[in-house]
Amino acid sequence: MKTQIQEQEESIIVRLEGTLDFVTAEDFKEDLMQIKNTAKNRQVIFDFSGLNFVGSSGIASLINSLREFNAQTTHPPRYTNVKNEFKRVITSLDRNQTFDFWENVPKSIIDS
């Protein structure tokens, strides 16, 4: 899994690409620290369009990392282009409904 971070004036778009496994999920925790430190009061948008679901390896770690990130941000992050497989697993493990799912990244944010 690869993480691409695109910083904009009012938002940060984080694109996840590739295949999720245990090792890459752990590496993603480090990326989240960098994002948290630079986000300040900006909206963070996670774009899952390039992430492939290959079973349970690493998904619990990914969800726990994102849940911790959600709790530490000023604005609740948005999750876009989340495939049904991921959405089902995340929703089943998200008792407090802390994940804000959107269909895609709004065009106004991409163009800014």
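Bear in mind these aren't lab numbers, they're just calculated from the coordinates by the rules spelled out. The model shown is predicted, which means the values in this text are computed figures rather than measured ones. Cβ: placed from backbone, ideal geometry, glycine included. Neighbour counts: every protein chain shown.
Observations on the structure shown:
- Each Lys or Arg adds one and each Asp or Glu subtracts one; over the other residues with Cβ under 12 Å from the Cβ of residue 38, this totals +1.
- Helix 59-71 and the longest principal axis of the Cα set of the chain meet at an angle near 30°.
- Gyration tensor verdict on the range 2-112 (Cα atoms; rounded if a/c is under 1.5, prolate if a/b is larger than b/c, oblate otherwise): rounded
- Cα-based reach from residue 83 at 12 Å (exclusive), listing aspartates and glutamates while leaving out same-chain residues under 8 positions away: 47, 103
- Residue 52/residue 75 FRET efficiency (R0 41 Å; Cβ-Cβ; nearest 0.05): 0.90
- Point-to-point label distance, residue 5-residue 96, nm (Cα→Cβ direction, 7 Å offset): 2.3 nm
- A crude spin-label estimate for the pair residue 34 and residue 60, with each label 7 Å from Cα along the Cβ direction, gives 2.8 nm.
- Ellipticity estimate at 222 nm from DSSP helix runs (n ≥ 4, -39,500 (n - 2.57)) divided over the chain, nearest 500: -12000 deg cm²/dmol
- Close amide H pairs (under 5 Å, H built 1.01 Å from N) link residue 50 with 16, residues at least 5 positions away or on another chain.
- Estimated inter-spin distance, residue 84 and residue 19, nm [label 7 Å along Cα→Cβ]: 2.3 nm
- Loop-located trypsin sites (Lys or Arg not before Pro) in the range 1-74 (DSSP state other than H, G, I, E, B) with a sparse environment of at most 16 neighbouring Cβ atoms within 10 Å: 40.
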